[in-house]
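Bear in mind that the values in this text are calculations on the coordinates, not laboratory data. For clarity, every value in this text was computed on a predicted model and none was experimentally measured. FYI the Cβ positions are ideal-geometry reconstructions off the backbone, even for glycines, and counts take in every protein chain you see.
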Amino acid sequence: MPTTTDSETAPESGAPATAPAIRFQDVEKRFGDNVVLKDLNFEVSKGDRVTLIGPSGSGKTTILRLVMTLEKATGGYIHINGEPLTHELRGGKRVERSEKAQKQIRKRIGMVFQQFNLFPNMTVLENIIEAPVHVLGQSKEQATRRAMELLESVGLPNKAKAHPLQLSGGQQQRVAIARALAMDPEILLLDEVTSALDPEIVGEVLAILRRIADTTDITMLIVTHEMQFARDVSNRVLMFDGGRIVEEATPDVMFTEPKHERTQAFLHAVLGGQEGQIGTH
Amino acid sequence: MWITLQLTLGGALLAIVIAVVLGLGARVHNIVVRGLCRTVIEFFRGTSLVVQLFFLFFVLPQFGLELPAMVCGILGLGLNYGAYAAEVVRGSINAVPAGQWEATTALSLSKTQTMRRIIFPQAWALMIPSLTNYLIHMLKGTAIVSFITLSDLTFHTEQLRVQTDTFFAYGVSLVIYFVVAYILTLLMNGLEVRAKHRLGRGEPLREALSVKAPNTTVAAEGGRSA
Amino acid sequence: MNQVWDWDAAWAVLPELLMAFVHVTLIVTVASTAIAAVLGLLIAILRMSVPKPVAVVINFIGDFIRMTPIVVQLLFAYWTFLNVEPLTIGIAVFGIHYSTYMAEVYRAGIESVPKGQWEATTALSMSKTRTWTAVIVPQAVRATVPALGNYAISMFKDTPFLLSIGVVEMVRAGLTFGGNNFRYMEAITLAGVIFLLASYPTSLLISRLEKRLAYNY
């Protein structure tokens, strides 16, 4: 499927100072015959908070997984701060970058999962300091100090010695957020972080994420079904359907006057016909 | 008695080393390494323990490699049960949820760190019940080393039978095997409780004091050999 | 004499091994598997139908048999029942030993039958016998077939234990040949090859069956 969009504006070298935090260029992802993403192009500027919405199966989560290198794109290029992530154009050919090069970039990206994925064989504190100590090479004291600050900020200062499975889902997810932040990521990926939580817990987790959005300049790429949260936190919303972006707008526009009929139908379905419910706080 | 214990423990140590090496080797990407590990596993699982033991004891001397009977015993038991346990190791590692692997990628942990610090400790808790079964099989398996001239518990039982009577001699012998097996099971259950506790899954200690029925998943892993 | 592999010796020993394979190894494996399958089910049902103290005793006996070596059990039975054929003793001991394993497999199978099935038989006033034979056992046994197959393979590989009570099974036949000709290499290697050739395809078949059963649930 040859495309002649802007794929020839070669990604060989970027200018890191002005380059976008994330850039998708003609990205394609297929699993066997199943094409999940097709000719995908978009950019996320540094400090942006971009929410991806759309029906399930529209490829939103796949985008986060591509950025985290949990999956590799089958076509096109992804750039992080102007640097190719998994594949690059070298000598006119699309080649995979070395694991070492990928790892260098990966360190700057953090991810919070739907299912938390805390390590059950470690305490909460050990979960948080594991990567700072063993990947970034921080001293244990330094990492612990920072971990305690983070635990404080997610409201769990006295759970440092607890085991993950002894915590509630909401508490586990707060630890997972602290664990991701402990790596000081430039980009934070949030993959349906409240979907596995009981409804009454969702609020406490979202409140923490709102505060992180307010107090840091971390670039965020968010997949969520919480439209109110999307509206509060993000400055851009991308509507996906069938592996393509069907509409792109600021949250205000997207949630009040969506243009594309797919967006209208989707929002109508998730908001139960009460679009007016989403307000600005 | 002492010989039986030596064989069991020696065989178990060798088996666990072999199991980890083969179990990890059977899931690497490199097809040569993986194929080799799989072949070794299937070979030792597929040819009877007795055959392996006799090979070490009767055939190797033909080539001038005369190993002491004790070494033959430990080698035979360790290789045979190591191959079985390798399947347990491999299966348990595969049973660790995919989300754990993904989290290690998100935190940029290296492959070695991931295996050593995250995956293996979790897989370990999963493998203990099956390993316990194989440890008991190994203890029972030591009974055949009298075939290769070692004076183990079974050998002495036969001597005792000549001096006293069948019922007494074999009754005592069976009870000793049972008690040793029971103690080993308790120890392994203790290990399991500890491993699970580390995962934050507390289990009442009371449960540790009951002999667990053999795990039926062992059968699923491709059978056992006593 | 000193060459590594002597084809003449291999051809000479092969018929003897195959004879022993057919006349002892196969017969013991099949007969003992049948005993283990039936006896194991009876034990499992019995244990669930008797008062608790009796069940505890049955459990203990089962643990005792399972956790002690077959070889010792074989010798014990051999010296106790001197007028019984060693081959018969072998079949009985293997059958009983493995029935204690099968009983555990059946127990898990029975416990996996949903509680609603029991409640339905009560609601229909079905007799205990009917409940077991028409409802519970058919559902419980299906999933246990692969386990039975795997135990049959283990039993197969355990048959050389029979040499301890003088039964001429494959390995014994090989050793005798080896002793007479001062060459163990061919006899023992061939015995191993026969074990591998018989057990590996069977175990592949079983794991295939296992996957099919798992999907059909």
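Given R0 = 60 Å, the distance between the Cβ atoms of A:ARG94 and B:GLN159 translates into a calculated FRET efficiency of 0.20. Neighbouring Cβ atoms from other chains, within 10 Å of the Cβ of residues in C:103-114, number 2 on average. What the phi angles of the range C:171-188 give under the Karplus curve with 6.51, -1.76 and 1.60, with θ = phi - 60°, is a coupling list of 5, 4, 4, x, 5, 4, 4, x, x, 5, 10, 6, 9, 9, 3, 5, 4, 6 Hz, glycine and proline written as x.
Across all C-alpha atoms in chain A, the radius of gyration and Dmax reach 19.2, 56 Å. Which residues does a label at A:ALA101 reach in the range A:28-45, if reach means a backbone N under 20 Å from a point 7 Å past the Cα toward the Cβ? From the range A:28-45, the list is A:28.
Across the cross-link table entries A:LYS29/A:LYS259; A:LYS93/B:LYS111; A:LYS72/A:LYS100; A:LYS161/B:LYS111, which are compared at the Cα atoms, the separations over 18 Å belong to A:LYS29/A:LYS259; A:LYS93/B:LYS111; A:LYS161/B:LYS111. Mean residue ellipticity at 222 nm, helices only, chain A: -10000 deg cm²/dmol; runs of at least 4 DSSP H residues each add -39,500 (n - 2.57), and the sum is divided by the number of residues. Summing Lys and Arg as +1 and Asp and Glu as -1 over all other residues whose Cβ lies under 14 Å from the Cβ of C:ALA12 gives a net charge of -3. Peptides A:207-216, C:94-103, A:225-234 ordered by packing proxy, namely the average of other Cβ atoms within 10 Å per residue, highest first: C:94-103, A:225-234, A:207-216. Converting phi to 3J(HN,Hα) with the Karplus coefficients 6.51, -1.76 and 1.60 and the offset θ = phi - 60°, the range A:106-118 yields 4, 4, 8, 10, x, 9, 10, 9, 4, 9, 6, 6, 6 Hz in sequence order, with x at every glycine or proline. Per residue of peptide C:167-174, the mean number of Cβ atoms on other chains within 10 Å of the residue Cβ is 2. Please figure out what share of the DSSP beta bridges in the protein assembly as shown is antiparallel and state it in percent, rounded to the nearest 5. About 60 percent, rounded to the nearest 5. Separation of the range C:117-135 and the range A:201-279, taken as the distance between their Cα centroids, equals 55 angstrom. Annotation: the antiparallel percentage among DSSP beta bridges lying fully within chain A is about 60. Restricting the range B:30-138 to GluC sites (Glu not before Pro) that sit in a DSSP loop and have at most 15 other Cβ atoms within 10 Å of their own Cβ leaves B:GLU66. Across peptide C:190-197, the average count of Cβ atoms from other chains found within 10 Å of a residue's Cβ is 5. Seen from all directions on average, the range C:15-119 presents a Cα convex hull projection of 8.5 nm². Residue by residue, the range B:2-9 carries 3J(HN,Hα) couplings of 4, 4, 4, 5, 4, 5, 5, 6 Hz when phi is fed to the Karplus relation 6.51 cos²θ - 1.76 cosθ + 1.60 (θ = phi - 60°); x denotes Gly or Pro. The alpha carbon convex hull volume per residue for chain B rounds to 137 Å³.
In the calculated pair-distance distribution of the range C:7-216, the portion above 22 angstrom amounts to 58 percent of the Cα-Cα pairs. Here the range A:80-106 and the range C:16-70 have alpha carbon centers that stand 61 Å from each other. Scanning residues 5 or more positions from A:LEU188 or on other chains, those with amide H under 5 Å from its amide H are A:GLY110, A:THR219, A:MET220, A:LEU221, with H placed 1.01 Å from N in the peptide plane. Near A:GLN138, the amide H atoms lying under 5 Å from its own belong to A:VAL133; only residues 5 or more places off or on other chains count, and H is placed 1.01 Å from N.
Size of the range A:187-227 from its Cα atoms: along the principal axes, largest to smallest, the extents are 29, 17, 15 Å.
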